[in-house]
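K.L.:
Encoded as structure tokens, here's the structure I'll be asking about.
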Amino acid sequence: MATATTPLIPLVVVSTGLAGTIRPVLDVLLRMPEVTTEWSPLVDRRVLCYLARHAKVLAGMTEESPTWNHETVFYPPIQGERGTRRIAGFPGPGEHVGNAFEGQLLWQRMLQRNWGFFCDRTPRGPEHRFYVEPAPEWLPIALREAGVPHRTLRIARDPRGELVEHWMSSGRRGALPPVLNCIDTLLTLTERQANRFVRARLAELAKTPTTPETLCVRYEDVIGATADAWARVRSWLQLPTATAPATPSTGHEWPESRWRGVLPEPAYAHYRMKMRAELEALGYAS
Amino acid sequence: MPPEDRLLRPLLLLFPARSGSTLLMQLLGTSPKILFDRVSPFEYRYLAFLLRWSWQLADGGLRRDEWTLEQLLDEPATSGNWIEPPPFPLPAGFDAMGRDPMWHDTFRTAWREFSERARSSTISSPQLDPEPVWYAEKSRALFRYSLQDLGLEPEVIYLLRDPRDILMSIWSFNKKRGTTYFSVIEGEAPEKFAYRFVEERKLRLRMILEMAPKDPRATVVRYEEMATDLAGVAAKLSDRLGVQLNAEEVLANQSEFRHHMSSAGPEASMQRWRREMSPEIQKMFTEIIGQELQALGYPV
């Protein structure tokens, strides 16, 4: 068994998941000598997300079904056939898997242990203290439930810039001007974006207090006021002051000014009408 | 973390279908020192499940349409959602790098945790000893080899039955229920299925003939012994495992397992092939595995 060393502290970056948001933010964070990762733009490894999903399989029983039952558990995976490697929770009552012991469920204990094993086994420099990974909203919740000490960096972003970037990066780059001129389509899209998650999320981000575990930083500050954002994040992580890096230039940056020339006035007005308070609370001009 | 000696010792039952595995599990279930869920037909496989769960960390890299990074990130993390190995190349930490791969650490820990949790839940089950020693499971050779790689030496019981009677039992079982279990293909001629069956048995019989005698952790139990002298089998296994098995208790409860049987009783299920098997298929057995049958003491 591997020798136990101090586990790295997960630094979970929760954003909207757009590459254009993740890359510049990670570019800045990874210039901190204390931060390491398995993520890279080309190899999008999400080790911590995977370990959490993997552990959660032990979170309880699963109803037996024709494709997953005590009989299919018995048939081992077939070499080269990934479908046969598929598993879900224990099929059946699963008393000894689902019950708590010493106050902890099996999945919680196994996530702690697997994170420890991974840290023990991963080559790292003596200066590395944090492991950064972009993650969905559920990851910090799972880590908290499992008792894995971590930090959550929540990235707020102006939804208007996000919309335009998303629109452009989804294979429609050449078609952008005519599509954006089709106001009905755009309004439908902005409406959907606003209703589905943006407004609620922005409101939540605007209210996020800074705690030892959580910090909310604006994407636009990371790429536009990098030195300040860098200092804020380092101070929150209780790391000594260090020289700030240059502004990121990954090619994915979307500063606030960039979308202004692209988003037509009706869409702009739509945002202003729908989420003015939330935008202003985060310092975005409405 | 529990100490090493509190780990439940795996007791694996390696068996072909219709060879008396349920009867043997009933017998093992008479000892409070042997833990497994007493739910007929005794097929809640915690060990196989935890091994397969740990194996997920041994593979990665290829994304499939059905299992993508988006699914990993977007679907809620619950026990009801499928997972597959990581949909990205494995990081160095998961790999062996000159030592055990990470899934070994994961399984060892999971087994320790399972041992403690299973022990703690037996406290509320008065029929089980609060300090069980063994964990029994109907298993397969692959799981045994995996445990050996992990340094957990499981005890193994090879269950042996005359393959000609197994074949008759399979046909009778399927006929009784209108099913096509045990790899039977619907519409396939009996001779064709019999040929596939005999070929597959040859390998299994050779394994028992060549490996079991040299294997200090293996015991061979014959179905025919269980059918005629269950008390003798109970004594042999009790001695081997250091427990007290109770054949009388099993025999007293036989009526509860009537639905699992395909003949009038254990004795009627022996040498059934002489009465019911066609001469052509009998000949096929003699030609393909006659030597192995004779070496194991079955008449040809």
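K.L.:
Of (1) modelled with pLDDT of 80 or more; (2) within 18 Å of residue A:143 (Cα to Cα); (3) at the interface with chain B (Cβ under 8 Å from one of its Cβ atoms), residue A:12 satisfies all except one. Which?
P.N.:
Single failed check for residue A:12: (3).
K.L.:
So residue B:165 fits all but one of (1) closer than 30 Å to residue B:108 by Cα; (2) out of contact with any Gly (no Cβ under 8 Å at 6 or more places or on another chain); what number is the exception?
P.N.:
Unmet condition: (1).
K.L.:
Tell me, please, whether a residue that is out of contact with any strand residue (DSSP E or B) (no Cβ under 9 Å at 6 or more places or on another chain), crowded, with 19+ Cβ neighbours inside 10 Å and more than 23 Å from residue B:275 (Cβ to Cβ) can be found in segment B:226-239.
P.N.:
Yes - at least one qualifying residue is present in segment B:226-239.
K.L.:
Report yes if residue B:197 is in contact with a helix residue (DSSP H, G or I) (Cβ under 7 Å, 6 or more places away or on another chain) and crowded, with 18+ Cβ neighbours inside 10 Å, otherwise no.
P.N.:
yes
K.L.:
Restricting to segment B:2-37, what's the tally of residues that are in a loop (DSSP other than H, G, I, E, B), open to solvent by 40 Å² or more (accessible area, probe 1.4 Å) and in contact (Cβ under 8 Å) with a residue 40 or more places away in the chain? Explain how you work it out, then say what you get.
P.N.:
Within segment B:2-37, the first condition is being in a loop (DSSP other than H, G, I, E, B), and the residues that meet it are B:2-3, B:7-8, B:15-20, B:29-33, B:36-37.
Right, trim to open to solvent by 40 Å² or more (accessible area, probe 1.4 Å) and you get B:3, B:32-33.
Okay, now just the ones that are also in contact (Cβ under 8 Å) with a residue 40 or more places away in the chain, so B:32-33.
Counting residues in segment B:2-37 that are in a loop (DSSP other than H, G, I, E, B), open to solvent by 40 Å² or more (accessible area, probe 1.4 Å) and in contact (Cβ under 8 Å) with a residue 40 or more places away in the chain gives 2.
K.L.:
In segment A:86-107, which residues are modelled with pLDDT under 85, in a helix (DSSP H, G or I) and more than 7 Å from every other protein chain (Cβ to nearest Cβ)?
P.N.:
The one that is modelled with pLDDT under 85, in a helix (DSSP H, G or I) and more than 7 Å from every other protein chain (Cβ to nearest Cβ): A:98.
K.L.:
I'd like the residue in segment A:26-45 that is out of contact with any strand residue (DSSP E or B) (no Cβ under 9 Å at 6 or more places or on another chain) and assigned to a loop (DSSP other than H, G, I, E, B) and, out of all such residues, is nearest to the other protein chains (Cβ to nearest Cβ).
P.N.:
Selected residue: A:43.
K.L.:
Follow-up. Condition (residue is facing chain A (nearest Cβ under 7 Å), surrounded by 19 or more Cβ atoms within 10 Å (Cβ to Cβ) and of a type in the set (D, E, K, R)) applied to segment B:81-102: is it met by at least one residue?
P.N.:
Yes, some residue in segment B:81-102 is facing chain A (nearest Cβ under 7 Å), surrounded by 19 or more Cβ atoms within 10 Å (Cβ to Cβ) and of a type in the set (D, E, K, R).
K.L.:
Could you please give the count of residues in segment A:46-85 that are in a loop (DSSP other than H, G, I, E, B), at the interface with another protein chain (Cβ under 7 Å from one of its Cβ atoms) and touching a residue at least 12 places away in the same chain (Cβ under 8 Å)?
P.N.:
2
K.L.:
Give the residues of segment A:209-256 that are out of contact with any helix residue (DSSP H, G or I) (no Cβ under 9 Å at 6 or more places or on another chain), open to solvent by less than 30 Å² (accessible area, probe 1.4 Å) and either farther than 22 Å from residue A:283 by Cα or without any contact (Cβ under 8 Å) to a residue 24 or more places away in the chain (or both), sorted by residue number.
P.N.:
A:237
K.L.:
Hey, another quick one. Residues in segment A:171-181: is at least one surrounded by 13 or more Cβ atoms within 10 Å (Cβ to Cβ) and modelled with pLDDT of 60 or more?
P.N.:
So far as segment A:171-181 goes, no, none of its residues is surrounded by 13 or more Cβ atoms within 10 Å (Cβ to Cβ) and modelled with pLDDT of 60 or more.
K.L.:
Return the pairs, sorted by first residue and then second, in which the second residue is open to solvent by less than 10 Å² (accessible area, probe 1.4 Å) and not in a strand (DSSP E or B), the first residue lies in segment B:128-140 and is without any contact (Cβ under 8 Å) to a residue 12 or more places away in the chain and farther than 17 Å from residue B:52 by Cα, the beta carbons are less than 8 Å apart, and the residues are 6+ apart or on different chains.
P.N.:
These pairs meet every condition: B:130/B:122.
Residue-by-condition table, conditions (1) under 21 Å from the mean Cα position of the chain (by Cα); (2) at the interface with another protein chain (Cβ under 9 Å from one of its Cβ atoms); (3) hydrophobic (A, V, I, L, M, F, W, C); (4) not in a loop (DSSP other than H, G, I, E, B):
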position: A:109; (1), (2), (3), (4): no, yes, no, yes
position: A:115; (1), (2), (3), (4): yes, no, yes, yes
position: A:119; (1), (2), (3), (4): yes, yes, yes, yes
position: A:128; (1), (2), (3), (4): yes, no, no, no
position: A:140; (1), (2), (3), (4): yes, no, no, yes
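K.L.:
Right, here's the next one. Answer yes or no as to whether residue B:115 is of a type in the set (Ser, Thr, Tyr) and surrounded by fewer than 18 Cβ atoms within 10 Å (Cβ to Cβ).
P.N.:
Here the answer is no, as residue B:115 does not meet what is asked.
The values are calculated or read from the model by the stated rules, or taken from the named source; none is laboratory data. The model shown is predicted, which means the values in this text are computed figures rather than measured ones. Cβ coordinates were reconstructed from backbone atoms using ideal geometry, including for glycine residues, and neighbour counts include every protein chain displayed. Only protein heavy atoms, including side chains, enter the accessible area calculation; ligands, DNA and RNA are left aside. Shrake-Rupley method; radii C 1.70, N 1.55, O 1.52, S 1.80 Å.
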